[in-house]
1. Hey, got the dipole for segment 29-105? About the Cα centre, +1 on K and R Cβ, -1 on D and E Cβ, debye to the nearest 20?
2. Over 13 Å apart: what share of the alpha carbon pairs of segment 35-84 falls there, rounded to a whole percent?
3. When ranked by the protection proxy of mean other Cβ atoms within 10 Å per residue, highest first, what sequence do the peptides 62-72, 78-88 form?
4. If you plug each phi of segment 44-55 into the Karplus form 6.51 cos²θ - 1.76 cosθ + 1.60 with θ = phi - 60°, what whole-Hz ³J(HN,Hα) values come out, in order, with x for Gly and Pro?
Amino acid sequence: MQLLPGRSTIPPDLLTWGAGPPARATIRISPEGIPLATLPGLRVRPETDPDGWCEATFRLGPGRRAAADLLALGPTVEVLGPEELRAEVAGLARRTAALYARGTT
């Protein structure tokens, strides 16, 4: 796919990854979420909590791509850090819930 300059509605920060060593985020993920997760460089720890959830890490890129990818996993994932990413995902989840709370008319 080739995007023409000035024609894309996709923010450039969603199309590129930063240079240098990537930062990592830490999540808690359910057994159902693991096969669905397509997060870059996902590393799942083998230890589980009593509910079967694991801690995992993945590479972060610039922009909001990580938040959107995590939101797509719904209630099968919880962001543990960094706090900025956790807050962004929580905000997106609240906005999404508000859309559905209105119902259709």
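Read the figures in this text as sums done on the coordinates, not as results from a lab. Since we're looking at a predicted model, the values are computed, not measured. FYI the Cβ positions are ideal-geometry reconstructions off the backbone, even for glycines, and counts take in every protein chain you see.
1. 440
2. 62
3. 62-72, 78-88
4. For segment 44-55, the Karplus curve yields 9, 6, x, 6, 10, 8, x, 8, x, 7, 10, 8 Hz.
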